[in-house]
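Inspection log for the structure reproduced underneath, given as structure tokens.
The values are calculated or read from the model by the stated rules, or taken from the named source; none is laboratory data. This structure is a prediction, so every number in the text was calculated from the model and none was measured. So basically every Cβ, Gly included, is an ideal-geometry build from the backbone, and we count neighbours across all protein chains shown. Side chains are part of the model used for accessible areas, which takes the heavy atoms of the whole protein and leaves out ligands, DNA and RNA. Shrake-Rupley method; radii C 1.70, N 1.55, O 1.52, S 1.80 Å.
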Amino acid sequence: MGRAKKAVLAYSGGVDTSVCIPYLKQEWGVEEVITFAADLGQGDELEPIRQKALDSGASQSIVGDLIEPFITEFAFPAIRANALYEGRYPLSTALARPLIARRLVEVAREVGADAVAHGCTGKGNDQVRFDVAIGSLAPDLKVLAPAREWGMSREQTIAYGERCGIPAPVSKKSPYSIDLNLLGRSIEAGSLEDPDVEPPEEIYALTRSVEAAPDSAQIVEIGFAQGNPVSIDGVALDPVSLIRRANELAGLHGFGRLDMVENRVVGIKSREIYETPGLLLLIKAHQELESLTLAADVQRYKRQIEASWADLVYQGLWYGPLKEALDGFLDRTQASVNGTVRVKLHKGNATVIGRRSTADSLYVPDMATYGAEDRFDHKAAEGFIYVWGLPTRLWAASRRGR
Ligand code: ARG
């Protein structure tokens, strides 16, 4: 692999990605580094970040608003898929990577770059997601990952930066490693590395503790159209506003925290804390609406598809063939997922208390009822059970004959 001339670097404004700029130029002979910082609704002020890249030696510093496609093209499909990695993590970080990769490639084309760069380390999932996505979208672009190779400790990285005029982090450095976007936060490192240590309250920013949550419960009503959340409490909201509102409501009531040990792609287990209040609330409500509107066999089969979908998103295979094929199945199932779910938020819990669908409910009252309107043919059950249980009875009889 020859030297890259012009690289587009995924930029966050932190020490590591800032040090990548002089490092790429000085150690790897890259002539020009152009940074791209994505706005994913993390709430950072982006102008200082844009300026910091220039101060660190970038020839051009680009900021791009990706919030809307992040929600419509990545978060909503995840809600429709009820996507929970290892049954728990709603992929708040993982979902952002293929979008950032896509935009990096577009910027590389716009500025005529021959490489794309990122600051991921060699033991995380994000490097896998970036490299695989970029490799499939733009096989001709080189992917540079200096932090995977430089072997510098945190202190050495800061010192290297200071020699290049990059100021050390001013505020008393947080011991945690945090990734943040509109879907939530992930918090790692520091005292959290011991999986037996309780997370301190200070790490949370989007959710209240159960203790600090309001004493009175709040009921929220979430409306869905074709599997996408479209309204809260009867008010139609655009996708981005809807996620913000769901975050506020669930976060206020202390719902949406997750403390888990997860299996990374690179084979290690890591202890991760997440707070993803809105996303978890919406997935829970969506699952519930599906229980009313999907046929039993589709619903059961979909669970397996959901688990596979979550795995491949986690593992960086967003742009792969299995993802495309599973999306075909998922899209087809969502046409009838229309209706409303009522959830009671209280002291860390989100409890579904009602669900309805005018056009698509498969719940048939005069089939379900034990009242006088019952239309179910009770006598027909006898013949059904005779056939249903036949293999089991034959098997049991043969055993008794031994
Ligand atoms: N373990 C989570 C994931 O793989 C969170 C990763 C957070 N990334 C980060 N660079 N801090 O999705």
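Quick one: in region 146-157, of everything that is at pLDDT 90 or above and in a helix (DSSP H, G or I), which residue is nearest to G14 (Cα to Cα)?
First, the residues of region 146-157 that are at pLDDT 90 or above: 146-152, 156-157.
Those left that are additionally in a helix (DSSP H, G or I): 146-148, 156-157.
On the way: P146: 15, A147: 13, R148: 16, Q156: 15, T157: 11 Å.
The selected residue is T157.
Only one of A295, A246, A236 is more than 16 Å from the ligand (Cβ to nearest atom), in contact (Cβ under 8 Å) with a residue 40 or more places away in the chain and within 26 Å of I353 (Cα to Cα). Can you tell me which? Steps first, answer last, please.
On the way: A246 fails: in contact (Cβ under 8 Å) with a residue 40 or more places away in the chain; A236 fails: in contact (Cβ under 8 Å) with a residue 40 or more places away in the chain.
The unique qualifying residue is A295.
Find the residue count for region 186-237, including only residues that are touching a Pro at 6+ places or on another chain (Cβ under 9 Å) and among the polar types (S, T, N, Q).
3
Based on what the data block shows, is Q287 within 16 Å of the ligand (Cβ to nearest atom) and not aromatic (F, W, Y)?
Answer is no for this residue.
Kindly provide the set of residues from region 32-75 that are small (G, A, S) and open to solvent by 40 Å² or more (accessible area, probe 1.4 Å), ordered by number.
Once the filter is applied, which keeps residues that are small (G, A, S) and open to solvent by 40 Å² or more (accessible area, probe 1.4 Å), region 32-75 yields G43, S59.
Does region 153-172 include one or more residues that are open to solvent by 60 Å² or more (accessible area, probe 1.4 Å) and among the hydroxyl-bearing types (S, T, Y)?
Yes.
Could you tell me whether region 332-339 includes any residue that is part of a helix (DSSP H, G or I), under 23 Å from the mean Cα position of the chain (by Cα), more than 30 Å from G135 (Cα to Cα) and away from the ligand (no atom under 16 Å from the Cβ)?
Checked region 332-339: at least one residue is part of a helix (DSSP H, G or I), under 23 Å from the mean Cα position of the chain (by Cα), more than 30 Å from G135 (Cα to Cα) and away from the ligand (no atom under 16 Å from the Cβ).
Which condition breaks for A38 when tested against (1) over 28 Å from P321 (Cβ atoms); (2) touching a residue at least 40 places away in the same chain (Cβ under 8 Å); (3) not basic (K, R)?
(1)
Quick check: anything in region 12-20 in a helix (DSSP H, G or I), over 30 Å from L289 (Cα atoms), open to solvent by 30 Å² or more (accessible area, probe 1.4 Å) and in contact (Cβ under 8 Å) with a residue 40 or more places away in the chain?
Yes - at least one qualifying residue is present in region 12-20.
Report yes if A78 is closer than 16 Å to A307 by Cβ, small (G, A, S) and open to solvent by less than 30 Å² (accessible area, probe 1.4 Å), otherwise no. Steps first, please.
On the way: closer than 16 Å to A307 by Cβ: yes; small (G, A, S): yes; open to solvent by less than 30 Å² (accessible area, probe 1.4 Å): yes.
For A78, the condition - closer than 16 Å to A307 by Cβ, small (G, A, S) and open to solvent by less than 30 Å² (accessible area, probe 1.4 Å) - is met.
Which pairs have Cβ atoms under 6 Å, sit 6 or more apart or on different chains, and link a residue in region 261-284 that is touching a residue at least 12 places away in the same chain (Cβ under 8 Å) and within 11 Å of the ligand (Cβ to nearest atom) to one that is in a helix (DSSP H, G or I) and of a type in the set (V, I, T)?
Correct list of pairs: V265/V128.
Name the residues in region 113-152 that are surrounded by fewer than 16 Cβ atoms within 10 Å (Cβ to Cβ) and within 16 Å of the ligand (Cβ to nearest atom), would you?
Scanning region 113-152 gives T121, G122, K123.
Sort out which residues of region 81-112 are away from the ligand (no atom under 15 Å from the Cβ), crowded, with 20+ Cβ neighbours inside 10 Å and either at positive phi or under 11 Å from the mean Cα position of the chain (by Cα) (or both), and write them in order of number.
Result: N82, single match.
Restricting to region 174-198, name every residue that is part of a strand (DSSP E or B), touching a residue at least 40 places away in the same chain (Cβ under 8 Å) and either small (G, A, S) or away from the ligand (no atom under 13 Å from the Cβ) (or both).
Within region 174-198, G184, S186 qualify.
Run F74 past the list (1) within 16 Å of the ligand (Cβ to nearest atom); (2) farther than 24 Å from G278 by Cβ; (3) free of Cβ contacts under 8 Å to residues at least 40 places away in the same chain; (4) not charged (D, E, K, R) and report the number of the one that doesn't hold.
(2)
Within region 42-52, can you find the residues that are without any contact (Cβ under 8 Å) to a residue 24 or more places away in the chain and not in a helix (DSSP H, G or I)?
E45
Taking region 228-257 as the search range and keeping residues that are of a type in the set (G, A, S) and touching a Leu at 6+ places or on another chain (Cβ under 8 Å), which one is most open to solvent (accessible area, probe 1.4 Å)?
My answer is S231.
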